Amino acid sequence: MAGEELLVVRCQLGEREAFRELVATWHPPLWRYVRGMVGSPHLADDLAQEAWVAVVRGLPRLRQPERFAPWLFTIARRTVADLLRQTYRAPETAMEEARTVLAEDELGGVLTTMQIEAGLAALPPLEREVLILFHLEDLPLASCAEVLGVPAGTVKSRLHRARRMLRNHLAEKGYEA
Amino acid sequence: MSEQDRAGQRAVPEQLERALAAEVSLRSRLRHVAVGLAGGCGAAVIAVLWATEPHPLPTRTRAAFATMIAIGLAWAAFAGWVLSRRRPLFARDRVLAARIALAATAVTAPAGVALAAARGSTADLVATAAGGAVLTAAATLTLVRARRRRRELLRLRDALRQDAP
């Protein structure tokens, strides 16, 4: 933990070489979260880059470097939410894109070896993101609550519902849950 | 999981590295600091020249002065916007920028005062000196705060280095 905080502080100081390390450390979990939410690796690349730009621009104002992880995922979540808002606002072009993503997803589902990740794609966004943050990113409950902007109790109930939905989905697909 | 997924999880894409290198560029930040200060200080000197003009100026000359002041202020505002939203200064950059700002005001303020002393009335001189003093004090305060923030972060960095394995 001290190592991660140290990296953030070095970036806030303006040590340019620390940025490369920060991105190398946090890009994989950030990308995995975005990928889990949008379903397409190309879209995930674009959104992750957008999120990183926002992170770099906001970093000098981050007052608690030890809270970097929840702050990072909050920004990523906002980036994904902006995309979803645009998707609903411009139904025609966005639906085309969504169909493409879905098609890629179905193909990906055939090739995937990780049952959980395959199951995630079938869950609604709220349930999907809480599972990604808690189980795949290993964020503590309080940090999940901070990222999602809801009380910890809501995170617990959402997690409970998400696990049940995932279990049902995997059972339908013939996996042992 | 597809090949693209594995690649995405493994490495930082080159395009992202390039984009972030541009985002954190110190040169770009200092360029905007310089542009903003040049615009602001230029506008201030032109304003002193205009205010201390002994005879009434023709309309065209007044319009030219006003335009130049507006252009200078516009550059200062643009640089301020970039440095607050697009390229925010990190702690060390802020100290560097504050030093440059202090040097710029330390040159501009006496230049303005000298112009006012040579060309204007006592009231002009007092107003210019007061304006110069306020700008220099603001630059000094910015430098003090920037150094304090950098010191805090340096202290935290050193403490964390001792804690880190």
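Listed by position, the helices (runs of 4 or more DSSP H) inside region B:1-89 whose residues that are more than 10 Å from chain A (Cβ to nearest Cβ) and at pLDDT 95 or above number at least 2 are B:26-51, B:59-81.
Within 14 Å of another protein chain (Cβ to nearest Cβ) and on the phi < 0 side of the Ramachandran plot: is that true of B:A98 in this structure? First the steps, then the outcome.
Details: within 14 Å of another protein chain (Cβ to nearest Cβ): yes; on the phi < 0 side of the Ramachandran plot: yes.
Taking the combined requirement at face value, the residue satisfies it.
In the set B:V12, B:V48, which member is within 25 Å of A:P65 (Cβ to Cβ) and buried (at least 16 other Cβ atoms within 10 Å of the Cβ)? Show your work before the answer.
Working: B:V48 fails: within 25 Å of A:P65 (Cβ to Cβ).
When all the criteria are applied, what remains is B:V12.
Considering region B:140-165, the residues that are more than 8 Å from every other protein chain (Cβ to nearest Cβ) and of a type in the set (D, E, K, R) include one that is surrounded by the most Cβ atoms within 10 Å (Cβ to Cβ), namely B:R149. Scanning region A:133-177 for residues that are in a loop (DSSP other than H, G, I, E, B), farther than 16 Å from A:Y33 by Cα and of a type outside the set (A, V, I, L, M, F, W, C) turns up A:G149, A:P151, A:K173, A:G174, A:Y175, A:E176. Taken over region B:81-127, residues that are under 18 Å from B:A47 (Cβ atoms), within 12 Å of the chain's Cα centre (by Cα) and of a type outside the set (A, V, I, L, M) amount to 1.
Annotation note: Cβ proximity below 6 Å between a residue of region A:62-90 that is farther than 21 Å from A:E4 by Cα and a residue that is of a type in the set (D, E) and in a helix (DSSP H, G or I) (sequence gap 6+ or interchain) occurs for A:T79/A:E50. Regarding B:A104, is this residue modelled with pLDDT under 95 and of a type outside the set (F, W, Y)? Taking the combined requirement at face value, the residue does not satisfy it. Of the residues making up region A:129-162, those that are buried (at least 17 other Cβ atoms within 10 Å of the Cβ) and charged (D, E, K, R) are A:E129, A:E137, A:E146, A:R158.
The values are calculated or read from the model by the stated rules, or taken from the named source; none is laboratory data. These numbers were taken from a predicted model, which means no experiment stands behind them. When we count neighbours, we look across all protein chains shown, and the Cβ atoms used for this are built from the backbone with ideal geometry, even at glycine.
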